[in-house]
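Below is one structure, written out as structure tokens, with a few remarks after it.
The values are calculated or read from the model by the stated rules, or taken from the named source; none is laboratory data. Source: prediction; values computed, not measured. Note that we place each Cβ from the backbone using ideal geometry, even for glycine, and neighbour counts take in every protein chain shown. Each accessible area value is taken on the protein alone, full model and side chains, heavy atoms only, with ligands, DNA and RNA left out. Shrake-Rupley method; radii C 1.70, N 1.55, O 1.52, S 1.80 Å.
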Amino acid sequence: MKEFRSNILLAALMLFVRLIIPERFVLPYIVCACILYAMRVSYWSSLVLLLLCACSLIPLHVTGGRIPETARVTEVHESWCILQSGRKQMLFYCDGPMLYDTEISLDGSLEDIESSRGFFRFDFSKYLSRRGIYKQYVTDEVTVSGFRSTMRRFLQEKTESFEDPLLKAFLYRTVFGISNDELLSGSLMQSGFSFAAVLFLLEELLKRFVKDRHRKIICISFCCFLILFYGPRLVLVSSLIRRALSFLKLEKQETSGIWMIAMILLFHEEVLSAAFLIPAVFMVSSLAEKNDSFFIRWTGLAMVQGVLYQKFSPLQSLFFPFYLRINGFLWLYGLLVIFFPFLACGPLIAIISELTLVSEKICIPGSPIGLGLPFFVILALSFYRNEYAAKIITGLYFSFLLTGLFHPFAEVTFINVGQGDSILIREPFNLNNVLIDTGKPSQYKVLKAMLEGKGIRKLDTMFITHMDSDHSGNMDVISEEYKARRVITEHEGTTLSGSLVFYDLNSLDTEDENRNSIVLVFEMNGLKFVMPGDADQITEETIVRKYGNLTCDVLKLSHHGSKTGSCDLFLDMLKPELGIVSAGAWQIYHHPSDETVQRLLKRHIPYLDTKDHGDISIVMIGPLSVLITSDGIVDVLSSPWQG
């Protein structure tokens, strides 16, 4: 057991990797990890690791069974809440924050939570499934059967009594950790760090007046109170375990390993959240020498934010302890305002809101999750034993981030924006970025996540095929934020952007928006693409008469696969090797239509749909054109060895 304790951090890291790998690789990984651990430590230690891996497979919540008669509101957010009955949890969408501890009679139905796949978009369904929540409760009318009188419900009722929306949003964020994205934002608050801020502030204040042991006891007691008040949030339980471990005379490495294993076993469905990863970065960096600790922490925070938020906030990372102190004071101030409303200061709250927004805007866009990541890992490992490894790896990371090396290849990406179109075309290292359409206004965050994830700071050219909202809905805001050099909304014939040449095939000029769509054709890496917007059969037949010998490799099906487009003559002329459908839920829009699908099947044209496969990207890796989808499909579309 002593050998296991001395290598407990390694066991914790192996256990963490177990939780982030795909399910189909879990059993082979556990076998390999236990063998490697036995070779490095001992046979008995590997059995302990095997037992921990087995424990991490046990679900924390019940996922099946019949719908219960009643459930209680245990977690509250701006537009949704979590209902719980025993160990069973379910999602419920609402118009505003529900009151904590409300008892609801469940006379509706349970439905699957629809998944929204994407390379960088936040998949709400996946987030909930990691927490053991697989169903959403659907009802026409909410039936409240009662409530529990709790302190948090009392405070929330007091908060609801305020009429000023900014003040209410401030109180919800500081006291309850519920963020309204339109009024106040902040990744730290959304991750639950406002709760940790209270404990951090208390500890800082007590340092001046109370002895070390008594201070720890007070902090643990207050942490237990917060857990009773807010529920067993990851951040609060994490703080409790860390403070409890401080009573034991353990090495830093042992403390970090025990903390990590405890959190993984208690919250293994939430280990990919900032609430776990950011404290883990601080713990791991504290094990390094003082000169290296800052660089390890800085790089770790940048990686976590890049993966989760597709951007890095230097201010929030550099002044993280300061942010905690400020938010601790804000929690205390918010609590006082709830009980003594005359203390509310509108200008102060407005200033806090603006400062929060400023810290969010000063960001470096980019995610390390890209095809350049293996090159970064190889380079980082080559400097692992270097005396200045931490500084060199930090420099490498930010060099990759700022120069686009994490996404070094040219690509065409059909973004999953639901019922709408948005296609991103990039040349290597973001030297030329072109966007065709912007989807609906409701898809702004999805589109922004893709652009930020790829590290894009400017757009060279933006095409809007026509002015329907599902194509032009974000035109103004995206063109302003990304300083688009050209926004093309009318027929221009030929457009040059970087080394790419776009030809508009449609010569019609009518009042019908769909018929008047800009129909683009361009070539990348030997592949010819056709993007017809929502062009109808009349437009397509006009193009056939004018360009009778035109062919293509990839066709974005017109009008989301509707029967009004992709006519027989058009398909027979183009002879595409692959069709792409950009459509929303089948139950609502019925796209692609049965008629269009039959036309494709008749000609043996395979097709992919964004609603099924998420983002669809064709990446140009040297002479290869590789198809990659966000649900895991990888295929080679063309290579120099194909005939």
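Observations on the model:
- Taking each DSSP H run with n ≥ 4 as -39500 (n - 2.57) and averaging over every residue of the chain yields -14000 deg cm²/dmol at 222 nm.
- Size of the range 196-238 from its Cα atoms: along the principal axes, largest to smallest, the extents are 29, 16, 15 Å.
- Between Glu157 and Val31, the contour length at 0.36 nm per residue exceeds the Cα-Cα span by 40.1 nm.
- Order by protection proxy (mean Cβ within 10 Å, highest first), peptides 620-628, 597-605: 620-628, 597-605
- Whole-number percent relative contact order across the chain, with pairs defined as alpha carbons under 8 Å at least 6 apart: 9 percent
- Peptides 394-404, 165-175 ordered by average Cβ neighbours within 10 Å, highest first: 165-175, 394-404
- Cα-Cα separations in the chain greater than 47 Å, expressed as whole percent: 23 percent
- Once the C-beta distance of Thr510 and Ile369 is scaled by a Förster radius of 60 Å, the resulting FRET efficiency is 0.85 to the nearest 0.05.
- The ellipsoid equivalent to the alpha-carbon distribution of the range 286-343 has semi-axes of 32, 15, 8 angstrom, derived from the gyration tensor eigenvalues as √(5λ) and listed largest first.
- Note on Ser442 and Asp568: with the Förster distance fixed at 30 Å, the Cβ-Cβ geometry gives a FRET efficiency of about 0.30.
- Distance between the modelled labels on Val501 and Arg24, one decimal in nanometres: 4.2 nm (7 Å Cα→Cβ projection).
- Dimensionless Rg over Rh [the range 428-489; C-alpha; Kirkwood]: 0.94
- Calculated accessible area for the chain comes out at 47 Å² per residue, all protein chains present (probe 1.4 Å; ligands, DNA, RNA ignored).
- Highest mean first, the peptides 205-211, 73-79 sorted by other C-beta atoms within 10 Å per residue fall in the order 73-79, 205-211.
- Unsatisfied cross-links (Cα-Cα over 21 Å) in the set Lys448/Lys528; Lys448/Lys563; Lys575/Lys602: Lys448/Lys528; Lys448/Lys563
- Virtual spin-label span in nm between Lys249 and Ala54, 7 Å along Cα→Cβ: 3.5 nm
- Whether the range 92-248 is rounded, prolate or oblate, judged on the alpha carbon gyration tensor where a/c under 1.5 counts as rounded: prolate
- Against the chain, whose longest principal axis comes from its Cα atoms, helix 234-245 is set at around 40 degrees.
- Take every Cα pair under 8 Å whose residues are at least 6 apart in sequence, average their separation, divide by the length of the range 178-314, and the relative contact order is 17 percent.
- Rounded to 10°, Cα long-axis angle of helix 43-56 versus longest principal axis of the chain: 70 degrees
- Cα pair distances exceeding 24 angstrom across the range 376-481, given as percent: 36 percent
- For the range 301-379: rounded, prolate or oblate by the Cα gyration tensor [a/c cutoff 1.5]: prolate
- For the range 501-599, the alpha-carbon radius of gyration amounts to 1.02 times the rule-of-thumb value 2.2 N^0.38 Å expected for a compact globular protein.
- Total charge dipole magnitude, the range 452-511, about the Cα centre, Cβ charges on Lys, Arg, Asp, Glu only, Debye to nearest 20: 520 debye
- Rounded, prolate or oblate (a/c below 1.5 giving rounded, otherwise prolate when a/b exceeds b/c) for the range 82-176 by Cα gyration tensor: oblate
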